Amino acid sequence: DAKTTQPNSMESNEEEPVHLPCNHSTISGTDYIHWYRQLPSQGPEYVIHGLTSNVNNRMASLAIAEDRKSSTLILHRATLRDAAVYYCIRVPFGNEKLTFGTGTRLTIIP
Amino acid sequence: DVKVTQSSRYLVKRTGEKVFLECVQDMDHENMFWYRQDPGLGLRLIYFSYDVKMKEKGDIPEGYSVSREKKERFSLILESASTNQTSMYLCASSYPRGSSYEQYFGPGTRLTVT
């Protein structure tokens with residue numbers, strides 16, 4: 001049970017920002033939010049993770065709601081190479097294991 | 001860059017055969033994982049190892065076993081392959097036990113059992 005809810009699919013235009021939502025209304029205080037993505041014919045790759053504060057890295061930004069019941073992965077300027085399935089995963093602190101749901105399939109329109 | 005490699009990208013085996021899937025990581029990671037991925041079901045954890053010779057069952061261990069004799073290598077074994085084990089198999093590794101560090105995945109092995 002992944003305990004997160006994501007839309008099955010989303011579309012976005014190339015070179016525009018993309019906001020991928022995730023609901024995790026039953027999150028506990030020490031659960032991290034991790035995002036992974038899986039490009040076609042590849043294994044998943046780590047994107048970003050956070051606990052309470054918004055986080056930025058070279059790939060994306062993660063905005064976590066103040067009540068932590070939802071979060072949004074932000075791709076600032078989508079490219080065709082960002083077309084992938086994006087997974088939002090709750091990870092209890094100290095837990096090595098990931099429980100994947102079915103994710104959001106992101107399509108980028110040229 | 002962390003590298004996780006899997007021995008084959010594609011494999012075709014017959015029902016009843018013993019199958020070995022090999023995974024090697026080059027970053028001295030303690031944790032290693034085996035998942036399978038099926039359409040509509042996402043990735044499901046089969047087995048997990050947090051140290052050499054140590055293993056834990058994941059969510060779907062039935063029909064599988066694992067071996068970790070060296071830190072960098074984690075093998076998944078199908079003792080007697082069956083058609084319902086046709087799937088994409090993904091290996092991953094990560095840093096020490098008790099951490100929530102990111103996992104690094106290999107490219108996957110697509111196994112077909114006929």
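Miscellaneous remarks
- Computed magnitude of the charge dipole of region B:24-88 (debye, nearest 20; Cβ of K, R +1, Cβ of D, E -1): 80
- Whole-angstrom gap from region B:1-30 to region A:69-87, using each part's C-alpha centre: 29
- Rounded to the nearest Hz, the phi-derived 3J(HN,Hα) couplings of region A:69-85 under the Karplus curve 6.51 cos²θ - 1.76 cosθ + 1.60 (θ = phi - 60°) are 8, 8, 8, 9, 8, 10, 9, 6, 8, 5, 10, 4, 6, 7, 5, 5, 9, where x marks glycine and proline.
- Simple label model, 7 Å out from Cα along Cβ direction - residue A:102 to residue A:39, nm: 2.6
- When the Cα positions of B:7, A:33, A:65 are compared along the charge dipole of the protein assembly as shown, B:7 comes out farthest toward the positive end, with charges on each C-beta of Lys, Arg, Asp and Glu.
- From phi via Karplus (6.51, -1.76, 1.60), per-residue ³J(HN,Hα) for region B:54-69 in Hz, x at Gly/Pro: 10, 8, 9, 6, x, 7, 9, x, 4, x, 10, 9, 9, 9, 9, 8
- Extension gain for residue A:25 to residue A:9 (0.36 nm times residue separation, less C-alpha to C-alpha distance): 3.7 nm.
- Taken over the Cα atoms of region A:14-110, the convex hull encloses 95 Å³ per residue.
- Calculated diffusion of region B:1-40, Stokes-Einstein form, Kirkwood radius summed over Cα pairs, 37 °C and 0.692 mPa s, µm²/s: 259
- Mean per-residue shielding of peptide B:41-49 is 4, counting Cβ atoms of other chains within 10 Å of each Cβ.
- For peptide A:92-102, the mean count of partner chain Cβ atoms within 10 Å of a residue's Cβ comes to 6.
- In a reduced charge model with +1 at each Lys and Arg Cβ and -1 at each Asp and Glu Cβ, region A:1-53 shows a dipole moment near 280 debye about its Cα centre.
- Using every pair of separate Cα atoms, the Kirkwood estimate puts the hydrodynamic radius of the protein assembly as shown at 18.1 angstrom.
- Cβ-isolated cysteines (cut-off 4.7 Å), the protein assembly as shown: none
- Full extension of the segment from residue B:112 to residue B:27, taken as 0.36 nm per residue of separation minus the current Cα-Cα distance, would add 27.6 nm.
- The phi torsions of region A:17-29, fed into the Karplus equation with coefficients 6.51, -1.76 and 1.60 and a -60° offset, translate into couplings of x, 10, 10, 9, x, 8, 9, 9, 5, 9, 5, 9, x Hz, rounded to whole numbers, with Gly and Pro shown as x.
- The calculated Kirkwood hydrodynamic radius for region A:53-110 is 13.2 Å, given to one decimal from all distinct C-alpha pairs.
- Modelled FRET efficiency - R0 35 Å, residue A:56 with residue B:57, Cβ distances, 0.05 increments: 0.40
Every number in this text was worked out from the coordinates using simple rules, so none of it is lab data. Everything quoted here is computed from the prediction, not taken from an experiment. FYI the Cβ positions are ideal-geometry reconstructions off the backbone, even for glycines, and counts take in every protein chain you see.
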